[in-house]
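This report refers to the structure that appears directly beneath it.
The values are calculated or read from the model by the stated rules, or taken from the named source; none is laboratory data. Note that the structure is a prediction, hence the values are computed from the model and not measured. Here the Cβ positions follow ideal geometry from the backbone for every residue, glycine too, while neighbour counts run over all protein chains shown. Note: accessible area is taken over every heavy atom of the protein model, side chains too, but ligands, DNA and RNA are not part of it. Shrake-Rupley method; radii C 1.70, N 1.55, O 1.52, S 1.80 Å.
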Amino acid sequence: MKQYQVAKPFITDKDKKNVLSVLNSAKLSLGPKYLEFESNIKKYIGCKYACAVANGTCGLHLAVKALSLKKGDEVVTSPFSFISSSNCLLYERVKPIFVDIEEETYNIDPDKIEKAITRKTKAILVVHIFGQTAAMDKITQLAKKHNLKIIEDACESIGAAYKRKMAGTFGQVGVYAFYPNKQMTTGEGGMIVTNSKKIDALCKSLRNQGRNVKGDWLIHERLGFNYRMDEMSSALGITQLEKLNWMIEEKRKIAGLYNRQLANIHQVITPKVAADRTHSWFVYVIRVKYGERNNLMKKLMSHGIQTKPYLPVIHLQPFMRKMFHYKLGDFPVAEKISSQTLALPFYIGLKVKDINNISSLITKILH
């Protein structure tokens, strides 16, 4: 019986060769590769500055620090996301204020943001979910009206665009992540992007134990962190970025195959791409209606097909309930979507026959 993972990185001989060149150089950290990777990301995204970090969560944490958010501040964000988009606020004792999501794209609903803004609100942390951007026109207008900063969690959406403008470039600071299941990978790793020289300099100091910008090794101007990206990860990022557009296009083809195969199953809702947005396909997530998701997951696993319930809502995580007393029903759209969503196997290397097999089994189980 063939086994299918939910995700798998696409690693080539060129990727391996570039990583091996670092190992052979014996310069495993703070060498030339992370600087090259930062430079290449700037060109790809179209921003002035880029700061490589150990992972996306580190990047989000430094973004919060760089905008001087602190205890007593509030930040409006989405409850339908990976936990790090709220944890990065809690690290600095900033309170996340959740707003429900769009049912079609699963991104934060811009029409519900303004009601959540108070005198304590200092920023909007936008999560571009699953590879598709939020509706950034309305969000940037609201931020300007209320004098709010924008942090973009684009950890799942490198290569996605809204009206031809890249995710991560609308606000003061954006963050990408390169975990093995992402559109491109560095193993672990992340990148902070900005057009602010001040934010970039601060992030580069904070990631490196608070050292001064001149790089004096034992001079620390501020409390910092060890959030650096190593040279092996950077080397992998360089060659992965070279083929990123191709990898996105390959996954777009796989998504199209799934869409066609699953279109006529009345229990299934396939992913939708909203107007003015391009999807860079982090994961392929369907919705399974009528309470049939968990049974479908179980039966698919018995046939060697791994799936994941992407994503549990953040406000109902045990520690969030304990801290803020959230309850079922607080954000009904996000809760409904969360109870139905299911990530299917989705990676370069899946063939037409694989998609047909998986889709046929889904059809058989649900019928």
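Considering MET297, MET320, the condition of being in contact with a strand residue (DSSP E or B) (Cβ under 9 Å, 6 or more places away or on another chain), more than 30 Å from TYR162 (Cα to Cα), open to solvent by less than 10 Å² (accessible area, probe 1.4 Å) and modelled with pLDDT of 95 or more is satisfied by MET320 alone. Of everything in segment 11-50 that is among the hydrophobic types (A, V, I, L, M, F, W, C) and surrounded by 18 or more Cβ atoms within 10 Å (Cβ to Cβ), the residue that is nearest to ILE305 (Cα to Cα) is VAL19.
Remark: pairs (first residue in segment 33-60, under 14 Å from THR169 (Cα atoms); second residue among the β-branched types (Val, Ile, Thr) and in a loop (DSSP other than H, G, I, E, B); Cβ separation under 7 Å; 6+ apart in sequence or on different chains) = ILE45/THR169; GLY46/THR169; CYS47/THR169.
Scanning segment 75-89 for residues that are under 24 Å from LEU202 (Cα atoms) and in contact (Cβ under 8 Å) with a residue 40 or more places away in the chain yields VAL75, VAL76, THR77, SER84, SER85, SER86. Do we find a residue being part of a helix (DSSP H, G or I), more than 25 Å from the chain's Cα centre (by Cα) and in contact (Cβ under 8 Å) with a residue 12 or more places away in the chain anywhere in segment 297-318? Yes - at least one qualifying residue is present in segment 297-318. Would you check if there is a residue in segment 65-74 being under 15 Å from LYS204 (Cβ atoms), surrounded by fewer than 21 Cβ atoms within 10 Å (Cβ to Cβ) and without any contact (Cβ under 8 Å) to a residue 60 or more places away in the chain? No, there is no match, as no residue in segment 65-74 is under 15 Å from LYS204 (Cβ atoms), surrounded by fewer than 21 Cβ atoms within 10 Å (Cβ to Cβ) and without any contact (Cβ under 8 Å) to a residue 60 or more places away in the chain. Which residue is farthest from ILE45 (Cα to Cα), if the candidates are limited to segment 277-294 and must be aliphatic (A, V, I, L, M) and either touching a Pro at 6+ places or on another chain (Cβ under 8 Å) or open to solvent by 50 Å² or more (accessible area, probe 1.4 Å) (or both)? The selected residue is ILE286. Exactly one residue out of LYS351, LYS322 is over 16 Å from PRO96 (Cβ atoms) and without any contact (Cβ under 8 Å) to a residue 24 or more places away in the chain, and it is LYS351.
Looking only at residues in segment 103-123 that are open to solvent by less than 70 Å² (accessible area, probe 1.4 Å) and in contact (Cβ under 8 Å) with a residue 60 or more places away in the chain, the one that is nearest to GLN172 (Cα to Cα) is ASP109. State yes or no: is ILE139 over 19 Å from the mean Cα position of the chain (by Cα) and either among the aromatic types (Phe, Trp, Tyr) or farther than 27 Å from TYR179 by Cα (or both)? When the stated conditions are applied, ILE139 does not pass them. For segment 243-271, a tally of residues being in a helix (DSSP H, G or I) and without any contact (Cβ under 8 Å) to a residue 12 or more places away in the chain returns 5.
When you check PRO312 against the structure, is it loosely packed, with under 13 Cβ neighbours inside 10 Å, within 24 Å of PHE80 (Cβ to Cβ) and not small (Gly, Ala, Ser), yes or no? In short, no. You will find that of ILE365, ILE337, ILE286, ILE305, the residue that is under 20 Å from THR270 (Cβ atoms), touching a Lys or Arg at 6+ places or on another chain (Cβ under 6 Å) and modelled with pLDDT of 95 or more is ILE365 and no other. Selection of segment 212-242 for residues being open to solvent by less than 20 Å² (accessible area, probe 1.4 Å), in contact with a Leu (Cβ under 8 Å, 6 or more places away or on another chain) and over 16 Å from GLY31 (Cβ atoms) yields only GLY224.
Of everything listed in (1) over 25 Å from ASN181 (Cα atoms); (2) part of a strand (DSSP E or B), the single unmet condition for ARG287 is (1).
Taken over segment 44-98, the criterion of being more than 26 Å from PHE331 (Cα to Cα) and among the hydroxyl-bearing types (Ser, Thr, Tyr) is satisfied by TYR44, TYR49, SER68.
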